[in-house]
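One structure is given below, encoded as structure tokens.
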Amino acid sequence: MKETVLSGIRATGNLHLGNYYGALSKFVRMQDDYDSLFFIADLHALTTHPDPKTLHSNVKNILAEYLAAGIDPDKATIFVQSDVPEVSELYLLLNMHVGIGELMRTASFKDKARKQLGIKVDAAEGDIEREIIGTNSNKRVNAGLLTYPTLMAVDILIQKAHKVPVGKDQEQHLELTRRFARRFNSYYGVDLFPEPENFNFGDHAVKVPGLDGSGKMGKSEGNCIYLIDDEKTLRKKVMRAVTDEGPKEPNQPVSEPVNNLLTLMELTSAPEVVQHYRDAYANCSIRYGDLKKQLAEDILKVTLPIRERILDIQNDDALLARVTRQGAERARERAAKTLAEVREIMGIRKFY
Ligand code: TYM
């Protein structure tokens with residue numbers, strides 16, 4: 001029997017190269033060999049309060065981007081998270097076995113809480129509580145943000161997935177998912193949930209850097225190249241990417257901004273091209289204008305064909321309806337089975 005792979009992307013905007021290399025390109029390569037489910041996480045998107053007017057179109061964009069990148073609805077189950085209400089019920093049930101402390105210590109929670117409130121969230125539970133209660137503003141860290149990892153674990157466990165292709169930033173959430181699975185199995189003395197692992201084609205998880213010289217590519221960082229970017233926009237972004245003043249002496253370590261561009265190149269360009277620029281840095285002959293032109297060219301080779309398909313598919317409402325209806329049916333059937341097992345295990349029974 002094929003192993004099950006499941007992954008999702010939040011509906012918070014268009015997909016960028018980080019999403020593509022960290023997740024989507026792996027989905028496409030895995031769909032032939034695995035029992036595959038890929039979804040759009042619209043409930044997770046609610047943790048950061050999107051404008052209700054744009055949420056649905058964000059879901060639609062990502063759906064079109066999945067299909068345009070090559071996920072085939074006849075091979076993989078493609079669905080929208082909120083179309084599977086069983087997920088919400090299991091989220092409630094699993095939360096009974098999740099500690100507030102372990103959620104508060106999650107890096108993504110601390111990061112988002114800091115951004116939302118502008119406060120330092122310490123690892124100690126008491127500290128965050130004091131800080132939150134103490135703030136005199138309408139801003140608050142919502143409970144949905146805290147329990148984000150529970151919901152993500154439920155997405156995975158309800159489908160009994162073995163492999164979860166995600167980027168490096170999601171590995172801590174996967175670690176928690178394994179812990180919750182182990183905990184549930186051992187508390188009830190059952191063997192219900194497999195412990196899921198990340199999946200990479202290379203030997204480590206991918207972290208795609210941004211164009212601004214430091215850190216990862218991310219929607220909230222404003223340093224992204226989107227699959228939907230047109231040629232002119234994309235070239236402009238790459239030509240404006242942060243570099244350094246150039247190597248001062250031979251064989252000096254590559255600076256972070258230049259290394260980021262070389263990392264992007266490793267994802268999109270031929271190995272000899274990357275080597276050429278690494279050598280040019282080492283012998284101080286590198287010209288950043290040439291490097292950027294080459295990089296833009298190679299990224300466009302990947303993104304332009306996808307962009308064209310996105311534009312076609314985005315307007316095909318009949319196709320999008322067909323794909324999500326079929327996906328929801330398949331995903332719900334499996335989810336309902338797992339939920340029934342969990343209810344039984346936890347002692348929830350009916351009188352009628
Ligand atoms: P999201 O929308 O934040 O990210 C979607 C995927 O893109 C990857 N990613 C990156 N990979 C490498 N470099 C980057 N710069 C980069 N930026 C984003 C993320 O690692 C992720 O794989 N919590 C998930 C959504 C989710 C999910 C799930 C995933 C909800 N339930 C169940 C798997 C299984 C997320 O953060 O998505």
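The values are calculated or read from the model by the stated rules, or taken from the named source; none is laboratory data. Please read these numbers as outputs of a predicted model, since none were measured by experiment. No Cβ is skipped: glycine too gets one built from the backbone with ideal geometry, and neighbour counts run over all protein chains shown. Note: accessible area is taken over every heavy atom of the protein model, side chains too, but ligands, DNA and RNA are not part of it. Shrake-Rupley method; radii C 1.70, N 1.55, O 1.52, S 1.80 Å.
Some observations on this one:
- Candidates in the stretch 246-266 are the residues that are in contact with a Ser or Thr (Cβ under 9 Å, 6 or more places away or on another chain) and outside any loop (DSSP other than H, G, I, E, B); of these, the one that is surrounded by the most Cβ atoms within 10 Å (Cβ to Cβ) is Asn260.
- Any hit, the stretch 18-36, residues being crowded, with 19+ Cβ neighbours inside 10 Å, more than 18 Å from Asp229 (Cβ to Cβ) and among the aromatic types (Phe, Trp, Tyr): yes
- His56 vs. criteria under 17 Å from the mean Cα position of the chain (by Cα) and either more than 12 Å from the ligand (Cβ to nearest atom) or part of a helix (DSSP H, G or I) (or both): no
- Filtering Ile78, Ile62, Ile71 for residues that are part of a loop (DSSP other than H, G, I, E, B), open to solvent by less than 20 Å² (accessible area, probe 1.4 Å) and out of contact with any Cys (no Cβ under 7 Å at 6 or more places or on another chain) leaves a single hit, Ile71.
- Selected residue (only one of Ile286, Ile313, Ile299 is among the hydrophobic types (A, V, I, L, M, F, W, C), in contact with a Ser or Thr (Cβ under 6 Å, 6 or more places away or on another chain) and crowded, with 18+ Cβ neighbours inside 10 Å): Ile299
- When residues of the stretch 187-245 are limited to those that are β-branched (Val, Ile, Thr) and within 11 Å of the ligand (Cβ to nearest atom), the one surrounded by the most Cβ atoms within 10 Å (Cβ to Cβ): Ile225
- Restricting the stretch 81-102 to residues that are within 16 Å of the ligand (Cβ to nearest atom) and in a loop (DSSP other than H, G, I, E, B), the residue that is nearest to Arg178 (Cα to Cα): Val98
- Which numbered condition Ser36 fails, given (1) small (Gly, Ala, Ser); (2) more than 20 Å from Gln159 (Cα to Cα); (3) touching a Lys or Arg at 6+ places or on another chain (Cβ under 7 Å); (4) more than 8 Å from the ligand (Cβ to nearest atom): (2)
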